[in-house]
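Novice: Below is one structure. I have some questions about it.
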Amino acid sequence: MASLSQETTHADATYAEPRTGWLPKRWYAHVVLWISCFILGVPVFYAIIVATQSNAEVFRYQFTFGSAISDNWHMVFVQRHLQDYMVNSLIMTAAITIGKTIFSLLAGLGFVYFRFPGKWLVFGFVLITLMMPTEVLIIALFRLVNQLDWDNTYLALVVPFLASATGAFLFRQHFASIPPELSEAAQLDGANPLQFLMRVLIPMSWNTIGALAVVQCIYAWNMYTWPNMIISDQKMDVVQVGIGTLRAGDSAIQYGPLMLGAVIASLPPVIVFILLQKQFMSGFQLTTDK
C-alpha cells in the first residue's frame, strides 16, 4: 500500500505542470489567446463607440464615446423604425428554426428506424445537397415563389428554407448512436414511431436540438440576399435589409445610426448562442464522438 501511494504521488507530480516563477508553463499559449481576444474585441468595441458619435466625431477618429447617442437612437427607432424590421426577422427566424428542427427530427427518424427502397440513395442525395449553397438555387426558388404568388409574405421567407440537409445528417448520426434495444423495447410496449420519437428520442436529444437551433437561428437571422430579392414591400423587410435604410441621411452617410443599428441587430444571435452554448458544444461532441 505504501509503494502504491508513493507511485500515485510520483505520477501526480509528473503530470502536474508547476509554474515557472510567476509565469504559467505554457505562457506562450496564453499570449496567443490574449492577442486573439484583442484582435477580435477591438473592432467590436470601436463599433460601439461609433454608435454613440456624430459624423463630425467619427471623422476625428476619436476613441471615446460620443455625444450623439440620443440623436442616433431617435433616427434608428423613431425615424427608420428598425424595431419593425427586427420583428419581421424574429418571426422568420423562429419559424425557420422550429420548422427545420421538426423536419430534421423526422428525417433522422426515417433514415435510422425505417426501411424503404432506395434509403441509402436518398440519404446520399441529402449529403450531396450539403455542397450546394442557396445561391445556386436562388433563381429557381425566385421563379417558383412568384408562380405561387407568395411575394411579400412570410411564406416566401420561410417555406424555401424549412428543409435542412445539415439537420437531417446531424440527427441521423445522433439516432444511429442510440442503442437499438430502446427501439425494440418501445415496439414491445406498443409505441408507434411518433410516440417513440416524442417519449424516447427527443428527451435524449436536447443537446443535439440545441446545437441545430443555434446554427439555424444564426443562419436565418443573417439572411440578406433572399429577403432582398423576394420582398419589395418595405413593411416586410427583415433587419439585415432594413439596416441599409440607415445609410442615407439628409446629405451624407450617417455612420453613427448605421453602426448603432448594426450593433443592435447583432445582439439576438449573440444572446441565443450564450443561452444555448452548453447544448451547442455538447450536441456536436455527442455526434462526432461516434
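Novice: With Val50, Val42, Val32, Val76 as the choices, which residue is at pLDDT 90 or above and over 12 Å from Val263 (Cβ atoms)?
Specialist: Val42
Residue-by-condition table, conditions (1) closer than 16 Å to Val112 by Cβ; (2) free of Cβ contacts under 8 Å to residues at least 12 places away in the same chain:
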{"residue": "Arg172", "(1), (2)": "yes, no"}
{"residue": "Ala176", "(1), (2)": "yes, no"}
{"residue": "Pro179", "(1), (2)": "yes, yes"}
{"residue": "Leu182", "(1), (2)": "yes, no"}
{"residue": "Leu197", "(1), (2)": "yes, no"}
{"residue": "Val200", "(1), (2)": "yes, no"}
{"residue": "Cys217", "(1), (2)": "no, no"}
{"residue": "Asn222", "(1), (2)": "no, no"}
{"residue": "Pro227", "(1), (2)": "no, no"}
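Novice: Here is a further query. Between Ala185, Ala262, which is exposed (fewer than 15 other Cβ atoms within 10 Å of the Cβ), farther than 21 Å from Ile96 by Cβ and not hydroxyl-bearing (Ser, Thr, Tyr)?
Specialist: Just a single option satisfies the conditions, and that option is Ala185.
Novice: Between a first residue in segment 64-82 that is farther than 12 Å from Ile49 by Cα and of a type in the set (D, E, K, R) and a second residue that is open to solvent by less than 80 Å² (accessible area, probe 1.4 Å) and part of a helix (DSSP H, G or I), which pairs have beta carbons less than 7 Å apart while being 6 or more apart in sequence or on different chains?
Specialist: Listed by first residue and then by second, the contacts come to Arg80/Thr245; Arg80/Leu246.
Novice: Please go through segment 134-160 and pick out each residue that is of a type in the set (Asp, Glu) and in a helix (DSSP H, G or I).
Specialist: Glu135
Novice: Only one residue in Phe116, Phe111 is modelled with pLDDT of 90 or more and aromatic (Phe, Trp, Tyr). Which one?
Specialist: Phe111
Novice: Mind checking whether some residue in segment 69-80 is in a loop (DSSP other than H, G, I, E, B) and more than 25 Å from the chain's Cα centre (by Cα)?
Specialist: yes
Table: residues versus (1) touching a Cys at 6+ places or on another chain (Cβ under 8 Å); (2) of a type in the set (Asp, Glu); (3) more than 30 Å from Val200 (Cβ to Cβ).
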site: Pro133; (1), (2), (3): no, no, yes
site: Asn146; (1), (2), (3): no, no, yes
site: Asp151; (1), (2), (3): no, yes, yes
site: Pro160; (1), (2), (3): no, no, yes
site: Phe169; (1), (2), (3): no, no, no
site: Arg172; (1), (2), (3): no, no, no
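Novice: Sticking with this one: Of all residues in segment 191-250, which are closer than 22 Å to Met75 by Cα, small (Gly, Ala, Ser) and over 24 Å from the mean Cα position of the chain (by Cα)?
Specialist: Ala248, Gly249
Novice: Looking at the structure I just gave you, is Ala211 over 18 Å from Ala107 (Cα atoms) and either of a type outside the set (Ser, Thr, Tyr) or buried (at least 20 other Cβ atoms within 10 Å of the Cβ) (or both)? Lay out the reasoning, then the answer.
Specialist: Working: over 18 Å from Ala107 (Cα atoms): no; either of a type outside the set (Ser, Thr, Tyr) or buried (at least 20 other Cβ atoms within 10 Å of the Cβ) (or both): yes.
So Ala211 does not fit the description; no.
Novice: While we're looking at this one, here's another question. Looking only at segment 161-169, decide whether some residue is aromatic (Phe, Trp, Tyr) and either open to solvent by less than 50 Å² (accessible area, probe 1.4 Å) or assigned to a helix (DSSP H, G or I) (or both).
Specialist: yes
Novice: While we're looking at this one, here's another question. If only one of Leu197, Leu182, Leu212 is in a helix (DSSP H, G or I), touching a Gly at 6+ places or on another chain (Cβ under 8 Å) and either at pLDDT below 90 or on the phi < 0 side of the Ramachandran plot (or both), which one is it?
Specialist: Checking each option against the conditions leaves just Leu212.
Novice: Is it true that Tyr154 is open to solvent by less than 80 Å² (accessible area, probe 1.4 Å) and within 30 Å of Val270 (Cβ to Cβ)?
Specialist: Yes: the conditions hold for Tyr154.
Novice: Mind counting the residues in segment 237-253 that are open to solvent by 30 Å² or more (accessible area, probe 1.4 Å) and more than 23 Å from Thr101 (Cβ to Cβ)?
Specialist: Total satisfying the criteria: 8.
Novice: Take the residues in segment 53-65 that are within 16 Å of Leu246 (Cβ to Cβ) and either open to solvent by less than 20 Å² (accessible area, probe 1.4 Å) or not in a loop (DSSP other than H, G, I, E, B) (or both), then tell me which one is modelled with the highest pLDDT. Outline the logic, then answer.
Specialist: The first filter runs over segment 53-65 and keeps only residues within 16 Å of Leu246 (Cβ to Cβ), leaving 53-55, 58.
Pick out the ones that are also either open to solvent by less than 20 Å² (accessible area, probe 1.4 Å) or not in a loop (DSSP other than H, G, I, E, B) (or both) and you get 53, 55, 58.
On the way: Gln53: 92, Asn55: 88, Val58: 89.
Checking each candidate, the answer is Gln53.
Novice: Of all the helices (runs of 4 or more DSSP H) wholly in segment 228-290, which have at least 1 residues that are in contact with a Cys (Cβ under 8 Å, 6 or more places away or on another chain), at pLDDT 80 or above and over 30 Å from Asn146 (Cα atoms)? Walk me through how you get there before you give the answer.
Specialist: On the way: elements: 239-242, 255-265, 267-288.
Filter on segment 228-290 gives 267-288.
The values are calculated or read from the model by the stated rules, or taken from the named source; none is laboratory data. Keep in mind that this is a model prediction, so the values were computed, not measured. As a convention, Cβ positions derive from the backbone with ideal geometry for all residues, glycine included, and neighbour counts pool all protein chains shown. When the accessible area is computed, the model is the full protein with side chains, heavy atoms only, and any ligands, DNA or RNA have been set aside. Shrake-Rupley method; radii C 1.70, N 1.55, O 1.52, S 1.80 Å.
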